[in-house]
1. In whole angstrom, how long is each semi-axis of the equivalent ellipsoid of chain A, when you take the square root of 5 times every eigenvalue of its Cα gyration tensor and sort them from largest down?
2. Between residue A:641 and residue A:873, with labels modelled 7 Å along Cα→Cβ, what's the label distance in nm to one decimal, could you check?
3. Add -39500 (n - 2.57) for each DSSP H run of 4 or more in chain A, then divide by its residues: what number comes out at 222 nm, to the nearest 500 deg cm²/dmol?
4. Within 10 Å of each Cβ in A:444-450, how many Cβ atoms from other chains are there, averaged over the peptide?
5. For every helix of n ≥ 4 consecutive DSSP H residues, a contribution of -39,500 (n - 2.57) applies; sum these over chain B, divide by its total residues, and give [θ] at 222 nm rounded to the nearest 500 deg cm²/dmol.
6. What list do you get for A:759, A:1004 if you sort them by fewest beta carbons within 10 Å?
7. Assuming a ≥ b ≥ c are the square roots of the Cα gyration tensor eigenvalues, decide whether the range A:578-736 counts as rounded (a/c under 1.5), prolate (otherwise, with a/b larger than b/c) or oblate.
8. Just rank A:896, A:748, fewest to most, by other beta-carbon atoms within 10 angstrom.
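Values in this text are rule-based calculations from the coordinates and carry no lab data. Keep in mind it's a predicted model, so treat the numbers as computed, not measured. Methodologically, a virtual Cβ is constructed for each residue, glycine included, from the backbone with ideal geometry; neighbour enumeration extends over all protein chains shown.
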């Protein structure tokens, strides 16, 4: 069989991609951003208030969680992050009419780019925007910045350069100082840069009088959180530094300046953010006016205007606002119009200047009118249909304001703006049900296509002709389906559910539908019950429950051990004691490795308190546990030794394995481990602050990656065999005239498997380098489990072959037994005619997920290990940094999917032997390639069933409270996993298996086709 | 005898302990819980078979040390009944089915632990223990049903066979008579 005949893998992968594309377009939300700008020029009503302050200083301390400045932080106090930034609460206690402290709700996604957008526009950036965080994007919506520029005011900026990607040209060129934001390892550069530029502008710089808004964005607190976690002396030092900065700012600023200090979002217990956990959305907001008092104090404000909320762990509730409420408040305090898209509501404390709150009522009037105009414009826009269901409620709420008298007007106005905010929040969780249905149908069909192809690939007979015929029919049917879909487009647009789908999406769907039916009908697979099928069904059904979705990291090892049960029971009935011992031994190894891997976990938020973080030394630090540090270096020697030991069973530790394992693989693992050890030394400042190993580890990592890719790749592609051929002359026996040359080929029995495994090891080493220490141990154990599984699958096949033979032909069975006992000494074993079974694929698929979870990942956004972006470079560099994060995150799944073809290659000799030990006439290569294709389809099938499970649950539970926290992230993970599994098997079959088989074919031309 | 059956049950408890930990039972905490669940499973699954069949011959102290040939027969029975799940008699079915039921029940009993209902009965190791007991009961009942069905079917087969045999006999007797007549006539 030709390798090119495996195009069906590509077809199946594109079916997956099409399904994922269609479903994702319908499921992940988007928001229409309106580019209108509020203008005072042609309005009859006042559009702003007289300013109370000439200018403002806006200091953003990234990830400043509310409890960091809370006057009553949670008990017990953390010595590292509570009561350290004390200035805000001191001033609030002393000057309750000048200083105001709030717990501000930051809308998820709690990533800096989204929060910056929210903070200047007053709007709600959507979930999909989270993906843009690496690339940034400028905004065309109205914002405070734009209003300031329109009023011809100058903006000074210093700090996080994300601001410049949002506002490339708005800041005054002489007063703009940006610093790299994604360099998480650097705790101080940005903060020092901000401080150095901030104070001159406040005091004696030539530009000191020329700015009207000064934005300073500190990143240190956020970086300490990401890098070391909030419970560390470094956090204390950082917060101390922030407090000092605040004290100095308050000291030097003049009375016309308003000071606003806030965190753009909070951080979770470990110091990460991105999701919608309580700790992540609770940010701090402090507003301080050194000059005029802003209000009479909160005791004069009616209590129903003031919302309170208790921060997790605190004993007292505190004043709680929306973070975007700052936008209209700040605009009016500076005498600017409120940005057009704002959905925030002015904060009462900042405007309540007489007993009846006249000023506040005025502010609220302007605010309400602006929100109303925004909603009306949105309603009139192309996306206005989204408001259909809620428009009446909004109109009722609006009319209540104008009808009401002065006393109730406040209540109704606030009710209206809040209703608008809530409406928009749920609105931008708007789904396109039609597209979702298209996507789900395509994904469902891809399951049947995968199943059909899997069934058909169990039979070698006439495979080639079948595939060629299939190619013709499916392309014909795809074209027909596409044509039909294009025709059906116009008539079907009358159905409301199908509106908003484009013609090209119709055509794509039609093509998928047509071709998929073609494949399914040409095979017509028959359902069969199987043990591993039960695991697969339970696993995909588990996504319908949020509990099982977030406990998936425990369910996977449970399933893995369960999948071992049939093998384990075969051990007792195996025909020889050799096989019995072998199966029991490797079962024990497999189970032990899986269980040891399961000891590593980064808990997701929902698992608290039934889960202890073992991936790191603790829940709030980002250092490896000391046991892992101790085991890190020994494991780099142990793993290659185990691989050698296992390869030596089939005498295939020869050939390139002899060079690759000790001279390329081991050093690469060592370098990868040393990198992370040095990173740990740097992070925890073990050697003091004077020693910086950054340059050393950059070089080390570059050498390691370069070495394994260039040396390993070149070596493997030139000689992809692990054979050693020994020729020796046998002295002439009696009656023979001349001596014979006896040729022994070592590693013959595993001629396909071992070189492919070397290929796999190259990938393993690359993933290893990007993985943190605990994850490296998990990967090592996973490799051991994989090898044990391969040996198990082989032994079980042997045992079954002998047992079957005993049933049919006892004498042949004895011959088989004979050859098997020889296989222990490395001579060729039988070529079992059995095909790869789903029972053998399931453990590899589960192992892939197990490796993903135990290498410190979860199906959540905050579990992405951003640290890995800086393995090769000290600063953010394209394309390497994002690529490294991807390798770190999806590497484990990719790696084990790449191992699936090994099931067909492992312990297969390049020549079929007849019972007398003479090479037979037929070659096993077609069967081997088809087996690799079958194993690949099997693992694709496993992951696509999981994808369908998670997609169905995300679609079905799309109004569930936890959809953005549990179901949507799991769907996105599932989709990405399918893509990476597809890539891995394509690489494995085309490059890995293709190269190995063609090389073996050229080495053993005799008997091959 | 009972002592050896107990000894084997204790060994099996240790084995179950390891298996439970491999399936994900906590390593450092809940030690008595896991141990008790392991002993429950061991008592449900192997105590009665070990008493009825005699414990399998293993190189462990306190187990029976019989002659090699007897040992092979005994171990083969254990393998056939429990590993290959091919009971040959009603007695063997009554040993295998409840044991299988207990193991499957304990496995299924793990599932409710993951739900976030926060009920006291959800705590480990309660649900696997309930599952094991329930599975044992279902297994015992199904052994009864299967053995009963097999017994009735066998009786039916026997009766049919008897009838066939009687018929054949009659026919043969007739033929013999016929042939005898023919011979006589000849």
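1. Working: eigenvalues 769, 216, 102 Å².
Working through the eigenvalues yields semi-axes of 62, 33, 23 Å.
2. 3.9
3. On the way: 36 runs with 533 residues, N = 1009.
It lands at -17000 deg cm²/dmol.
4. Working: counts 0, 0, 0, 0, 0, 0, 0.
Average neighbour count from other chains, rounded to a whole number: 0.
5. Working: 6 runs with 130 residues, N = 186.
Roughly -24500 deg cm²/dmol at 222 nm, from the helical runs in chain B.
6. By the 10 Å Cβ count, ascending, the order reads A:1004, A:759.
7. On the way: a/c = 3.54, a/b = 1.66, b/c = 2.14.
Oblate is the answer for the range A:578-736, as a/c is 1.5 or above yet b/c matches or exceeds a/b.
8. On the way: A:896 29, A:748 22.
Taking fewest neighbouring Cβ atoms as first place, the list is A:748, A:896.
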